[in-house]
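Asker: For reference, the structure I am asking about is given below.
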Amino acid sequence: MLRVEKVSTFYGNIQALRDVTIRARRGRITTIIGANGAGKTTLLRTISGLTPARHGLVLFEDKDITSLPPDRIVRMGISQVPQGRQIFSELTVEDNLKLGAYIRRFRKRSDIMRDKEFIYELFPILYQRRKQIAGTLSGGEQQMLAIARAMMSRPKLLLLDEPSMGLAPKVIQSIFKTLFDLHEQGLTILIVEQDAKIALEASDYGYVMRMGKIALEGSAKELLENEEVKRIYLG
Ligand SMILES: Nc1ncnc2c1ncn2[C@@H]1O[C@H](COP(=O)(O)OP(=O)(O)O)[C@@H](O)[C@H]1O
Ligand SMILES: [Mg+2]
């Protein structure tokens, strides 16, 4: 579904990605693990058009999206849950979803209504909290809201940037359960994580990034058993 081919991305003169090649297969969960500064966020931003590649190609459903603007990429079916969630903390849950939809894609009220219903079915906890100010939600609920907001555009491919960050193990489990439910409904998912274990356990395939490069790849099972991965990323 998604192919990133020999991509290099720069911030000015600083090269953050070096010849990165990855695949996210349709209907699968793919995880990229790597330490802080490895280039994980840059890779997601390159896919979603926020920090376009200087060299290489990004192909989505065989279409070249390398240089398309972010809103076009969202409309094609790729949605990103940013690192640190970035919800509108002073607005209600409901307004976060509406605004997310407005910014991302839909302007028609009836569409937004329909999508909100779809979201509340997926995330009943958010329905209970719909009138609550988002900043008063727990960390886990805020992450749910960030995922829900990304789902408002009905993506085919969901990109998640460190969804477990700052959350307790139990809460992380519940976030990953939600992701697994979405996966079972056919969503293709690409996750980047420092917390390698739970992400790999939920995944089909994985990559290890180091200093802007793909250092290692394999089935999630292989990576979980790999000595180097165990030593460096699984503690
Ligand atoms: N806006 C930026 N300007 C300059 N350098 C950046 C910027 N964002 C990230 N970098 C650099 O790019 C590299 C990769 O960063 P990033 O993609 O955020 O890594 P990760 O998400 O794996 O922690 C790092 O060396 C980082 O310092
Ligand atoms: Mg990052």
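Where a number appears in this text, it was derived from the coordinates with a stated rule and is not lab data. Keep in mind it's a predicted model, so treat the numbers as computed, not measured. With ideal geometry, Cβ positions are generated from the backbone for all residues, glycine too; neighbour counts draw on all protein chains shown.
Asker: So what's the angle, to the nearest 10 degrees on a 0 to 90 scale, between helix 93-104 and the longest Cα principal axis of the chain?
Answerer: Between helix and principal axis, roughly 60 degrees.
Asker: Between the helical axis of 169-184 and the dominant principal axis of the chain, each derived from Cα atoms, what acute angle in degrees is found, rounded to the nearest 10?
Answerer: Its long axis makes an angle of about 90 degrees.
Asker: Provide the FRET efficiency to the nearest 0.05 for the Arg23-Asp71 pair, computing r from the beta carbons and using R0 = 22 Å.
Answerer: Efficiency, rounded to the nearest 0.05: 0.35.
Asker: Let me ask something else. Looking at the calculated P(r) for region 89-154, what percent of the C-alpha pair distances fall above 19 Å?
Answerer: Distances greater than 19 Å cover 20 percent of the Cα pairs.
Asker: When 1/r is averaged over all different Cα pairs and the result inverted, which Kirkwood radius in Å belongs to region 1-99?
Answerer: 14.6 Å
Asker: Starting from the Kirkwood radius over alpha-carbon pairs of the chain, derive D by Stokes-Einstein at 10 °C in a medium of 1.306 mPa s and give it in µm² s⁻¹.
Answerer: 89 µm²/s
Asker: Among Tyr207, Ala38, Ile14, whose Cα projects farthest towards the positive end of the dipole of the chain, with charges put on the beta-carbon of Lys, Arg (+1) and Asp, Glu (-1)?
Answerer: Ile14
Asker: Treat each spin label as a single point 7 Å out from the Cα along the C-beta direction, and report the Gln132 to Glu117 distance in nm.
Answerer: For Gln132 paired with Glu117, the spin-label model returns 2.5 nm.
Asker: Taking the alpha-carbon distance from Lys98 and a cut-off under 17 Å, which lysines remain once sequence neighbours fewer than 8 residues away in the same chain are dropped?
Answerer: Reachable lysines: Lys108, Lys116, Lys131.
Asker: Would you please give the residues with an amide H less than 5 Å from that of Leu17, counting only those at least 5 places away or on a separate chain, with H modeled from the backbone geometry?
Answerer: Thr9
Asker: Residue-wise, which Karplus ³J(HN,Hα) couplings in Hz belong to region 16-23, taking 6.51 cos²θ - 1.76 cosθ + 1.60, θ = phi - 60°, and x for glycine or proline?
Answerer: 9, 10, 10, 6, 7, 10, 9, 10
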